1. Determine whether region 24-46 contains at least one residue that is assigned to a strand (DSSP E or B) and either of a type in the set (S, T, Y) or in contact with a Lys or Arg (Cβ under 7 Å, 6 or more places away or on another chain) (or both).
2. Among the numbered criteria (1) within 16 Å of the chain's Cα centre (by Cα); (2) of a type outside the set (S, T, Y); (3) assigned to a loop (DSSP other than H, G, I, E, B); (4) surrounded by 11 or more Cβ atoms within 10 Å (Cβ to Cβ), which one does K73 miss?
3. Collect the residues in region 58-86 that are more than 24 Å from H37 (Cβ to Cβ) and charged (D, E, K, R), keeping them in residue-number order.
4. For region 11-34, which residues satisfy the criterion of being at pLDDT below 90 and open to solvent by 100 Å² or more (accessible area, probe 1.4 Å)?
5. Taking the condition open to solvent by less than 80 Å² (accessible area, probe 1.4 Å), at pLDDT 90 or above and within 16 Å of the chain's Cα centre (by Cα), does V80 pass?
6. Would you please name the residue that is surrounded by the fewest Cβ atoms within 10 Å (Cβ to Cβ), looking only at residues in region 57-70 that are among the aliphatic types (A, V, I, L, M) and more than 19 Å from T41 (Cα to Cα)?
Amino acid sequence: MDELNVQVSLYNRHRNGRYSSYKGTVGKVARNVLHQHFNETVPFKVLHTDVTQVRLADAKWAYVSAITDEASKEVLAFQVSVLTVN
């Protein structure tokens, strides 16, 4: 969005015209007792996954799950599912 100079109109009311939910480091950062390093260069050796919950306009919830490769930072797979509550 920055490259195309596109701004979401919903957040234009902020002082600087940009929205950021970043609040700095919140809470404690755990010690790296497993000595993990996240700078892999061999593809498909280290994969990351995350599930994100998103509220939709019709008051339903959607869950987005993605798998990314550490070496290429490429999204290898993703799935979206919508939860309907009756």
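1. Our first condition is that a residue be assigned to a strand (DSSP E or B); within region 24-46, this holds for none.
Looking for residues that are assigned to a strand (DSSP E or B) and either of a type in the set (S, T, Y) or in contact with a Lys or Arg (Cβ under 7 Å, 6 or more places away or on another chain) (or both), one finds none in region 24-46, hence no.
2. (4)
3. Passing the criteria: D58, K60.
4. R13, R15, N16, R18, Y19, Y22, K23, T25, V26, V29, listed by residue number.
5. no
6. Filtering region 57-70 for residues among the aliphatic types (A, V, I, L, M) gives 57, 59, 62, 64, 66-67.
Still in the list and also more than 19 Å from T41 (Cα to Cα): 57, 59, 62, 64, 66.
Numbers: A57: 5, A59: 7, A62: 13, V64: 13, A66: 15.
Residue satisfying both the conditions and the ranking: A57.
The values are calculated or read from the model by the stated rules, or taken from the named source; none is laboratory data. Bear in mind that the values here come from a model prediction, so they are computed numbers and not experimental data. Cβ: placed from backbone, ideal geometry, glycine included. Neighbour counts: every protein chain shown. Accessible surface is based on the protein model in full, side chains and every heavy atom, while ligands, DNA and RNA are left aside. Shrake-Rupley method; radii C 1.70, N 1.55, O 1.52, S 1.80 Å.
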